[in-house]
Every structure is written in C-alpha cells, then in structure tokens.
Amino acid sequence: MEDLRTSETWRIFRIQSELIDGIETLNDIGPAASVFGGARFQEDSPYYQAALKTAALLTAQQLTVITGGGPGIMEAANRGCIEAGGTSVGLNIVLPHEQAPNPYQNVSITFRYFFVRKLMFVRHAMAYVIFPGGFGTMDEFFESLTLIQTNKIRKFPVILFGSSYWQGLLDWVQKEMVLQGCIAPEDLNLFKVVDSPENAAALVTDYLQQNRDARQSRRATDE
C-alpha cells in the first residue's frame, strides 16, 4: 500500500511539472489557432494540402499555430506556419505508436498526460480548426463544444474542415441529439463547416476583428 501511495504522490508532481513547463514555455507565444486532424494523412492528401495553406493564412494574421506535433495534418499545419515565417508550436505526446514529432516546430513540448496537453491547446487559442481525423480529433472537437457550451471558456470559432467527411456525424447530431433534447438547436451554432482554407481563415479574421472592435469600444467607454 505504501508503494501505491508513493507512486500516486509522484504522479501529482509529474503532472505539476508538466503544467509549469507548458505554461512557462508558451507564455510569450501570443494569440494562437489550434489545428487538429488525423496523423495518417500523407502529403498527397487534399486534406494535408488544405491544412498547409490554412496554417499559412492563419500565420499571415499574426497568429501562432499550435498542433499536436505529430505527422499528418499536424505536420502540414506546422509546416505551413514555418514556411510562412510564423511561430509553429508542437504539443507532442508520448504514445506507443503514430506520434513522432514532425520537423516543422520551432517551439516543442512533449507531454505524458493528455489532459495537461489539452489545457495548453485551449489556453492561447483564438480558434480551433479541425480537419478530418480519428478518435483524438473527435475528442478535441466535442471537448471544445462542451467548454464553450458550459461557459468554461470564451466562445471562439470552432471550424470543421471538409463537409463531406463530417456530414454523417452532423446528420446524426441533428437527428438524434437535437430531436431527443440532449442538446438545444442553438448549440449547432457553436461550430461552422467550411471547405476551403480561405473560408476557414475568413471566420478567424471576422472573430479577431470583432475582438478588436470590442476592445476599442471598451477603451472609448472608459475614457
């Protein structure tokens, strides 16, 4: 029993260490967009190419691009940011397969715990752009909706890329979750679906401009 207590105690210290490392390392990256998507897409995939361009457009808006640091869509977004001269962040995770850090990161952290890593994704985010992916991508999508719906974080753009990929899921959400009363119809407004990098970037641009306008209005009121 003593060994178990000691193990659990040291786990708390490891968690604390990851939190401190993540917060300090990312402290100066500024506003960011977190980009998610599957690790298995290759460079010849249209989704890879779209993530590459989307990241470049986000970088042009002076946003840091944050990904999970691995291959596939993550690599594409980090690469697009680096090639556009931006700050490219990889929040890597220790996994038994698939997760090897891609080479397009100028800020890189490796995590042991998913929940600490998730906090870092959302802490600086002005938007989530979510490309097709697997369970991990779905997890980030639904967690962002949960946090916004429950007012645990500010409402920012949650953007799904690729209507053909997402449509089956969205049909089910509409036909089952809404009709069964599990979510409200207006909850469907918490996210948008796009099919081009330009449309994804435009949604982020609009949100950033609204934020700037709101800040200027508050300053004028204070004066």
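What follows is calculated from the coordinates using simple rules that are stated; it is not laboratory data. Nothing here was measured: the structure is a model prediction, and the numbers come from that model. Cβ sites come from the backbone with ideal geometry, for glycine too, and all protein chains shown count toward neighbours.
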(message) Take LEU147 and tell me if it is over 23 Å from GLY80 (Cα atoms) and within 14 Å of the chain's Cα centre (by Cα).
(response) yes
(message) Looking only at residues that are touching a residue at least 40 places away in the same chain (Cβ under 8 Å) and among the β-branched types (Val, Ile, Thr) in region 65-87, which one is farthest from VAL122 (Cα to Cα)?
(response) ILE73
(request) Could you please find all residues in region 169-197 being part of a helix (DSSP H, G or I) and exposed (fewer than 12 other Cβ atoms within 10 Å of the Cβ)? (result) ASP171, TRP172, LYS175, GLU176, PRO185, GLU186, ASN189
(message) Restricting to region 127-144, name every residue that is hydrophobic (A, V, I, L, M, F, W, C), closer than 15 Å to ILE66 by Cβ and more than 9 Å from the chain's Cα centre (by Cα).
(response) PHE131
(request) Kindly establish whether VAL204 is among the β-branched types (Val, Ile, Thr) and either touching a Lys or Arg at 6+ places or on another chain (Cβ under 6 Å) or in contact (Cβ under 8 Å) with a residue 40 or more places away in the chain (or both). (result) yes
(request) Please state which of the following conditions PHE142 fails to meet, knowing it meets all the rest: (1) under 20 Å from ALA184 (Cα atoms); (2) in contact with a strand residue (DSSP E or B) (Cβ under 6 Å, 6 or more places away or on another chain). (result) (2)
(message) For region 1-21, check the following and say yes or no: at least one residue is aliphatic (A, V, I, L, M), surrounded by fewer than 19 Cβ atoms within 10 Å (Cβ to Cβ) and not in a helix (DSSP H, G or I).
(response) yes
